[in-house]
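Taken together, the values in this text are just the output of simple stated rules run on the coordinates, not laboratory data. If you're wondering where the values come from, they're calculated on a predicted model, not measured in any experiment. FYI the Cβ positions are ideal-geometry reconstructions off the backbone, even for glycines, and counts take in every protein chain you see.
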Amino acid sequence: MWLGLVSLATDASSDMIYPLLPLFLTTVLGAGPQMLGAIEGAAEATAALLKLISGRLADRARRKKPLTVLGYGISSVVRPLAGFATAPWMILVVRLADRVGKGVRSSPRDALMADVTPPDVRGRAYGFHRAMDNAGAVLGPGIATVLLVWGHLSLRTIFFIAVIPGALAMLSLTAGVKEEPTNAHPAQDGSTPSAQGKGNANLNERLRITPYLIALACFSLGNASDAFLLLRAEQLGVPGRYIPALWMLHNAVKALLSTAGGGLSDRLGRRRVIVGGWILYAVSYLGFGLARAAWQAWALMAFYGLYYSLVEGSERALVAELAPPGHRGRAFGAYYAVVGTAALPASFGFGLLAQRYGAQLPFTIAAGLAAVAALLLALTVPEPRRAR
């Protein structure tokens, strides 16, 4: 419950800023889609590398909370500094630092959740956490919209105000989240007499998760930053002052349906629900490429939220079930590493194609990659047993 509140406040802070960054970069700092793609891709790739490292550290540590506190703290401090930016490279620095914090906290937090959640409700538990996260992503743009439309505040001022929910998140985390120390797992690298058995177990687990990571990599190469959707909405005629409200609508759908989407994977199976979600992604992106009116942007952003509600909890639950308890930090690190490593070519390539050829081509390519990934997942990844 406390981790959910932490995510709610953190995303409220983050999403007071994130949906406004494309507008800030293009209208205030004079950057184009290619620069936006480079910034977002580099930021997500940085987070991915650190998620891999923090996952390994989480498996070795007796407590996962210190890494979680450090990660949330870094993001809460640096995120509002975007208000001081006078050039695009400064936004790059802020986004990199913000993603460093995300990289440090994500794998330990998700591994901790897997350790304390029964397998038969794991999808619902991850879905609930994502719902709280998305509720914060509704609250943040809502605050930003009020400040923009009725408060007539500048973008920079809104960035500075975002420090308040970030501080509330840190207070909730440090005061509310409790963790009992657990035994670390020194045997996982084969340092005990049972090293041969552990080595065989590690190999088996890698073989189990590898097909999923391959399908995920294919999908992620077409999964450019959501900032491009907001930029596309502006191109379709959505006024800049209503961009946060559009982002709020998208996250409201996610907040309302993520718990149910994760729970659906508890009943129907992780793979089936993820495949359905990836197909919805492909349809959404085809729609954004073909859209010609502002109202279509609103409808598509709501529809796009359905994709997230199906996969956010289900993907994490699948990772937890493909790895044994002592290796879940590493498994989540590998999961995030694949997603984030693909983020740089995905976002940079999307921005480059959009700037040179217009929006329809990159949106169509992304939809095609998602469809191929869904087919790979359906054909190569067996549904895991939930005996843990």
### Message
Could you compute Rg(Cα) / (2.2 N^0.38 Å) for the stretch 223-342, with N its residue count?
### Response
1.18
## Note on the structure
Put in order of increasing Cβ neighbours within 10 Å, starting from the fewest, Val253, Val372 give Val372, Val253
### Task
Mind checking which of Gly55, Ser225, Gly71 is farthest towards the positive end of the chain's charge dipole, using Cβ charges of +1 (Lys, Arg) and -1 (Asp, Glu) about the Cα centre?
Gly55
## Note on the structure
Compactness summary of the stretch 44-86: radius of gyration and Dmax from Cα atoms, Å, are 13.1, 43
### Query
Under a point-charge model restricted to the Cβ atoms of Lys and Arg (+1) and Asp and Glu (-1), what is the dipole moment magnitude of the chain relative to its Cα centre, in debye to the nearest 20?
580 debye
### Message
Report the per residue volume, in Å³, of the convex hull enclosing the C-alpha atoms of the chain.
### Response
115 Å³
### Message
Just want the answer: with Cβ charges of +1 for Lys and Arg and -1 for Asp and Glu, which residue in Ala323, Ala346, Leu300 is farthest toward the dipole's positive end in the stretch 256-372?
### Response
Ala323
### Message
At 7 Å along Cα-to-Cβ for each site, give me the label-to-label distance between Val77 and Ala260 in nm.
### Response
4.2 nm
#### Entry: Computed helical MRE - 222 nm, the chain, DSSP H runs ≥ 4 contributing -39500 (n - 2.57), nearest 500
-27000 deg cm²/dmol
## Note on the structure
Most exposed first, judged by fewest Cβ atoms within 10 angstrom, Phe350, Phe128 run Phe128, Phe350
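Counting other C-beta atoms within 10 Å, which of Arg292, Arg208, Arg122 has the fewest, and how do the rest follow? Walk me through the intermediate numbers first.
On the way: Arg292 8, Arg208 16, Arg122 25.
Ordered from fewest to most neighbouring Cβ atoms within 10 Å, Arg292, Arg208, Arg122 come out as Arg292, Arg208, Arg122.
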### Query
Which angle from 0 to 90°, rounded to the nearest 10, does the C-alpha axis of helix 2-17 make with the longest principal axis of the chain?
30 degrees
### Query
Given labels modelled 7 Å from the Cα in the Cβ direction, how far is it in nm from Ala167 to Arg241?
2.9 nm
### Query
In nanometres, what is the gap between the two model label sites at Ala87 and Arg63, each 7 Å from Cα along Cα-to-Cβ?
4.3 nm
### Query
Where in the stretch 222-243 does the amide nitrogen come within less than 18 Å of the point 7 Å from the Cα of Gln355, taken along Cα to Cβ?
224-232, 235
### Rounded to the nearest 20 debye, dipole of the stretch 241-388 from Cβ charges on Lys, Arg, Asp, Glu
200 debye
### Task
Can you tell me the dipole magnitude for the stretch 82-124 around its Cα centre, using point charges on the Cβ only (Lys, Arg +1; Asp, Glu -1), in Debye to the nearest 20?
100 debye
### Query
Which one of Gly287, Ala169, Ala85 has its Cα pushed farthest toward the positive end of the charge dipole of the chain, where Lys and Arg give +1 and Asp and Glu give -1 at the Cβ?
Ala169
### Query
Relative contact order (percent) for the chain, with alpha-carbon contacts under 8 angstrom and 6 or more residues of separation?
31 percent
